[in-house]
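For reference, the structure is listed below as structure tokens.
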Amino acid sequence: MVKQARQLQKLTEPVEAALKLQRHIDDMERLHKMIEPPALSLAGLRVFTPPAPPDGHLASGFYERLVDWITGFEESLDADHEIGARLVAFGPVVIRLTDITWWNPALIRFDGVDDAGNPVQLIQHISQISVLLVRLPKQGQVARRIGFVRPPEPDAE
């Protein structure tokens, strides 16, 4: 008799587990219906597009200011000196600038060579740029100038 009761219990255990699982699923469905957020309608909503920042706050505008400052600094140099840049955030690193480029909205890239002649490139966010323009002795026969090429002004045509 005890043996038959154990066999019957073994047969009913999976059924009881399935019933318990079903009760749990039913409870979860009821709970989900209680906390389900109401349906939202997107009709009549407008998409907000933030205005573009003024050019002076873009990398391209910052680049234009850098070009003006660097060109002005180069104009003050004699024939025996060329421009260098001390990248303030990087300690005593001085590079001989060869080019500056930008990527809107906020990246500026400085290209140049270090004292050993190795090519270097610094990419920085415009909010982090601190550059000290320095006068360096020329390395070749002629002092190198960056020579920025700018598009013509609209009324220059």
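The values are calculated or read from the model by the stated rules, or taken from the named source; none is laboratory data. Note that this is a predicted model, so its numbers are computed, not measured. All Cβ positions, even for glycine, are placed from backbone atoms using ideal geometry, and neighbour counts span all protein chains on display.
Phe73 - would you say it is surrounded by fewer than 16 Cβ atoms within 10 Å (Cβ to Cβ) and under 23 Å from Gly61 (Cα atoms)? When the stated conditions are applied, Phe73 passes them.
Being over 23 Å from Arg145 (Cβ atoms), in contact with a strand residue (DSSP E or B) (Cβ under 8 Å, 6 or more places away or on another chain) and either in a loop (DSSP other than H, G, I, E, B) or not basic (Lys, Arg) (or both) is a property that Pro37 lacks.
Looking across region 109-139, the residues that are among the charged types (D, E, K, R) and touching a residue at least 24 places away in the same chain (Cβ under 8 Å) come down to Arg135, Lys138. Any residue in region 66-84 that is closer than 19 Å to Ser127 by Cβ, part of a strand (DSSP E or B) and either of a type in the set (S, T, N, Q) or out of contact with any Pro (no Cβ under 6 Å at 6 or more places or on another chain) (or both)? No, the conditions are met nowhere in region 66-84.
The set of residues from region 45-98 being over 21 Å from the mean Cα position of the chain (by Cα) and among the acidic types (Asp, Glu) comprises Asp68, Glu74, Glu75, Asp78, Asp80, Glu82. Tell me, yes or no, whether region 41-50 has at least one residue that is closer than 30 Å to Leu132 by Cβ and either among the aromatic types (Phe, Trp, Tyr) or surrounded by 10 or more Cβ atoms within 10 Å (Cβ to Cβ) (or both). No, the conditions are met nowhere in region 41-50. Here are Gly147, Gly140: which of them is of a type outside the set (A, V, I, L, M, F, W, C), within 27 Å of His57 (Cα to Cα) and modelled with pLDDT under 90? Within the list Gly147, Gly140, the selection yields Gly147. The residues of region 93-135 that are surrounded by 12 or more Cβ atoms within 10 Å (Cβ to Cβ) and either outside the structural domain of Ile146 (by TED's automatic domain parsing) or assigned to a loop (DSSP other than H, G, I, E, B) (or both), listed by number, are Val93, Asn104, Pro105, Ala106, Asp114, Asp115, Ile129. So Phe48 passes all but one of these: (1) closer than 19 Å to Gln139 by Cβ; (2) in a loop (DSSP other than H, G, I, E, B); (3) without any contact (Cβ under 8 Å) to a residue 24 or more places away in the chain. Which condition number does it fail? In the conditions (1) closer than 19 Å to Gln139 by Cβ; (2) in a loop (DSSP other than H, G, I, E, B); (3) without any contact (Cβ under 8 Å) to a residue 24 or more places away in the chain, Phe48 misses (1) alone.
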